[in-house]
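One structure is given below, encoded as structure tokens.
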Amino acid sequence: MFQIELQVRDYECDIQGIVNNAVYQHYFEHARHLFLDKKGINFFELTQQGIFLVIYRAEIDYLAPLTINKTCKVSVELERISKARCLFKQTIYINNDIYTKGKFFTTAVNANKKPINLDFLNLN
């Protein structure tokens with residue numbers, strides 16, 4: 001399982017002092033991009049090659065609020081659903097406490113918006 005560590009910054013929080021719900025998607029996206037980088041797949045370079053990874057469905061369960069100056073970890077697991085679809089399963093947690101879970105259903109399309117095979121992700 002791949003994971004990164006992030007610190008909650010004050011400007012990411014709303015007036016209640018908790019992380020705004022939209023910010024969690026940024027955390028998840030950042031972790032996915034670093035996960036791909038570690039696999040030798042640069043997200044920016046993919047787009048330069050006319051390969052676009054797109055999320056077609058996102059599910060997020062907000063289980064507990066993150067607050068200012070907390071340090072959390074974001075995990076990433078990837079599984080293949082079909083030749084052209086995969087699922088990123090992600091969790092935000094501190095110690096063993098889960099704060100947020102996300103599932104991001106993803107596909108790849110070419111410049112003509114046609115689905116392409118995900119073999120380049122090296123998934124078994």
Original post:
Please state the relative contact order of the chain as a whole percent: Cα pairs under 8 Å, 6+ residues apart?
Top reply: 29
Subject >> Entry for semi-axes √(5λ) of the Cα gyration tensor in Å (calculated from the structure that is shown) out of (1) 27, 19, 12; (2) 28, 14, 13; (3) 66, 22, 15 >> reply: (2)
**OP:** Take Thr106, Thr47 and order them by how many other Cβ atoms sit within 10 Å, fewest up front.
**Re:** Thr47, Thr106
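Using unit Cβ charges (K, R positive; D, E negative) and no other charged atoms, how large, in debye to the nearest 20, is the dipole of the chain about its Cα centre? Numbers along the way, then the final one.
On the way: 15 positive and 13 negative charges, 106 e Å.
It works out to roughly 520 debye.
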Subject >> Amide hydrogen neighbours beyond the local backbone of Leu66, cut-off 5 Å, H modeled >> reply: Val19
Original post:
Under 5 Å between amide H atoms, partner at least 5 residues away or on a different chain: which partners does Ile116 have, H built in plane at 1.01 Å?
Top reply: Ala108, Val109, Asn110
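How would you rank Phe52, Phe88, Phe44, going from fewest to most other Cβ atoms within 10 Å of each one's own Cβ?
Details: Phe52 15, Phe88 22, Phe44 9.
Fewest-to-most ranking of Phe52, Phe88, Phe44: Phe44, Phe52, Phe88.
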**OP:** Calculate how steeply helix 21-38 sits against the longest principal axis of the alpha-carbon atoms of the chain, using the helix alpha-carbon long axis, and give the answer as 0 to 90 degrees to the nearest 10.
**Re:** 50
Original post:
Quick one: Karplus J couplings for the stretch 69-81, per residue in order, coefficients 6.51, -1.76, 1.60, θ = phi - 60°, nearest Hz, x for Gly and Pro?
Top reply: 6, 6, 10, 10, 10, 10, 9, 9, 10, 10, 10, 7, 9
**OP:** Collect residues whose amide H, placed 1.01 Å from N in the peptide plane, falls under 5 Å from the amide H of Tyr99; neighbours closer than 5 in sequence don't count.
**Re:** Ile92, Tyr93, Ile94
**OP:** Sum up the charges of everything whose Cβ sits under 14 Å from the Cβ of Glu12, counting Lys and Arg as +1 and Asp and Glu as -1, but leave Glu12 out.
**Re:** -1
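A short reminder: the numbers here are calculations on the coordinates, not readings from a lab. Only a predicted model underlies this, so the values are computations on that prediction, with no experimental measurement involved. Ideal geometry is used to build each Cβ from the backbone, glycine not excepted, and the neighbour counts take in all protein chains shown.
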